[in-house]
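The values are calculated or read from the model by the stated rules, or taken from the named source; none is laboratory data. Note that this is a predicted model, so its numbers are computed, not measured. Cβ coordinates were reconstructed from backbone atoms using ideal geometry, including for glycine residues, and neighbour counts include every protein chain displayed. Areas reflect the complete protein model, heavy atoms only, side chains present, ligands, DNA and RNA absent. Shrake-Rupley method; radii C 1.70, N 1.55, O 1.52, S 1.80 Å.
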Amino acid sequence: MRTSTRHRRGRTAAAVAMATVLALTAAACGDDGSGSTGDEGSGKGEITFWDNNGGPRTAVWKEIIKDFEAANKDIKVKYVPIPITDVQSKYDTAIAGGGLPDVGGVGAAYLSGIVAQDALEPVGARIKDSALNGKLVESMVEGVRTAGGRGDEMYSVPTSANNGTLWYRTDLFKAAGLGAPTTWDAFYTAAEKLTDADKNAFGYTIRGGAGSVAQALDAMYGQSGITTFWNGDKTTVDDPKNVAALEKYVGLYKKTTPEADVNNDFAKMVAQWDSGTIGMLSHNLGSYQDHVKALGEEKFAGIPNPTGPGGVRVQVSNPVDGLGLFKASKNKAAAWKFIEFAASHESNSKWNEAAGAIPANTDAAKDAWISESEPTKLAARSLTDGSTKIVQLPYYLPDWNGITKAGNEPEFQKVLLGKSTPKAFLDKLAGELNEAQAEWKQQNK
């Protein structure tokens, strides 16, 4: 057994033991978050809602809550904004020690961990008996169903999907005589041609801080053309084609990117792109409004990821966002009314237009603003017209976030700094993922 694996298992065992102690203590007080069946309640009174991206989405949620309270005068919603970087730990703490909300935003990337702790109410039957039945985009339904890791049952109502987007400065491209970077070859050509380090101009900004592994996976699979994450019980991340793709990608660092990128998370990366002279940025649709405010609509454009071998576009899956009904809620009837309202045509359209994301409500997905926002229109089309192959990431693995974030983001930085190699990085990542998959299969026999 590898030393890193032993350490990971040791940390996991310690965390589970501590969580058990806290849960038992809370249970003695009658306030634990996991396992409690809660109550349907009267359908009136106050419910608590945790926004899992508090700050950037606060304004639009307050609008939706105001609309909901106007239509349901006997229900009040207590809004609690949780920063996106803290939300998973907030849920884990509340599950162990009490204090869960009635409703909470739950992303697919950490859904399985909450489900495994028995904190969420199944919502499949509620959807079938509601106005949402038949009104949710099937690929998003499948996304949350798969991420939950419990077969066909659903543990959140999908509200939106994001999409990997290559943002590029149309003004800089035009000045350099370059066309849109629609292929990976064009991407690398533009990265080099737009770089003039002496003038602090760079072709690309690479993500080296938090979130770096996910972006690297997207670039790898996009170039290699590999369309499946698993080959039997073994991951494809260390396939020689992916190794070669990562070698080319990390070769951009300091050559056509700022040196400071090694520490940049998405917020720093976006701010740097918006305020500087960098040609391209890989992010998602969520930063659209930031770019509009900083640059105006005429100086940039966003397209789906470049196409690779044979003109095929390959992307890794983006986590579907959704709303979860917590099992410990004492007023599930009122909480469910809020979820139904938030996922309805008008509210879902309003939220996704503000966020620049793709709606989960099928009626909202047909609204005019989708076509008026070129990046969103292209993203929605790429996900529905068969032109994009999606590599489904295993968000259902309990260790997924630990492995791809804290466990290996520092390792990716070592690759950028030349202290490790892409092959060594991917071999380590693959070994940990293969073991996590084997453990998950054993536990779910």
**OP:** Output the antiparallel fraction of DSSP beta bridges having both residues in the chain, as a percent to the nearest 5.
**Re:** 55 percent
Original post:
What is the extension gain from D233 to K445, computed as 0.36 nm multiplied by their sequence separation minus the C-alpha to C-alpha distance, in nm to one decimal?
Top reply: 74.9 nm
Original post:
What is the distance, in nm, between label points placed 7 Å from the Cα along the Cα-to-Cβ direction at A175 and at A354?
Top reply: 3.6 nm
Subject >> Filtered GluC sites (Glu not before Pro), region 58-155: DSSP coil and at most 14 other beta carbons within 10 Å >> reply: E153
**OP:** Using only the Cα atoms of the chain, build the gyration tensor, take square roots of its eigenvalues as a ≥ b ≥ c, and label the shape rounded, prolate or oblate: rounded if a/c is under 1.5, else prolate if a/b is larger than b/c, else oblate.
**Re:** oblate
Subject >> S42-S89 FRET efficiency (beta carbon distance; Förster radius 25 Å; 0.05 resolution) >> reply: 0.15
Original post:
Near the amide H of N331, under 5 Å away, which other amide H atoms are found, from residues 5 or more places off or on another chain, if H is placed in the peptide plane?
Top reply: D39
Original post:
Counting only heavy atoms of protein chains, what accessible area per residue, in Å², does the chain have with a probe of 1.4 Å?
Top reply: 44 Å²
**OP:** Amide H neighbours of V316 under 5 Å, at least 5 residues apart or on other chains, H built in the peptide plane: list them.
**Re:** V391
Original post:
Each residue of region 144-154 in order: what ³J(HN,Hα) in whole Hz does its phi give by Karplus 6.51 cos²θ - 1.76 cosθ + 1.60, θ = phi - 60°, with x for Gly and Pro?
Top reply: 6, 5, 5, 5, x, x, 10, x, 8, 6, 10
Original post:
In what sequence, highest mean first, do 373-381, 51-59, 314-322 appear when ranked by Cβ atoms within 10 angstrom?
Top reply: 314-322, 373-381, 51-59
Original post:
L383 accessible area, nearest 10 Å², 1.4 Å probe?
Top reply: 70 Å²
Original post:
Nearest 0.05, what FRET efficiency do N401 and T421 give at R0 = 25 Å with Cβ-Cβ as r?
Top reply: 0.50
Subject >> Label-to-label distance, nm, for residues given as K66 and K293 (7 Å Cα→Cβ offset) >> reply: 1.8 nm
Subject >> Heavy atoms of D86: accessible area, 1.4 Å probe, square angstrom to 10 >> reply: 60 Å²
**OP:** Could you give the size of the charge dipole of the chain about its Cα centre, using +1 on the Cβ of each K and R and -1 on the Cβ of each D and E, expressed in debye and rounded to the nearest 20?
**Re:** 700 debye
Original post:
Round to a whole number: what % of the accessible area of region 270-349 belongs to carbon and sulfur, probe 1.4 Å?
Top reply: 50 percent
Subject >> Nearest-20 debye value, region 273-369 charge dipole, Cβ charges on Lys, Arg, Asp, Glu >> reply: 480 debye
Original post:
Which percent of the accessible area of region 41-182 is formed by carbon and sulfur heavy atoms (probe 1.4 angstrom)?
Top reply: 51 percent
Original post:
Using alpha-carbon pairs under 8 Å, 6+ residues apart, how would you state the relative contact order of region 295-370 in percent?
Top reply: 16 percent
Subject >> Label point distance in nm, Y79-N133, each placed 7 Å from Cα along Cα→Cβ >> reply: 3.2 nm
**OP:** Compute the relative contact order of the chain as a whole-number percentage, counting only Cα pairs closer than 8 Å that sit 6 or more residues apart in sequence.
**Re:** 25 percent
**OP:** List the residues whose amide H sits under 5 Å from the amide H of G104, counting only those 5 or more places along or on another chain, with H placed 1.01 Å from N in the peptide plane.
**Re:** W50, G324, F326
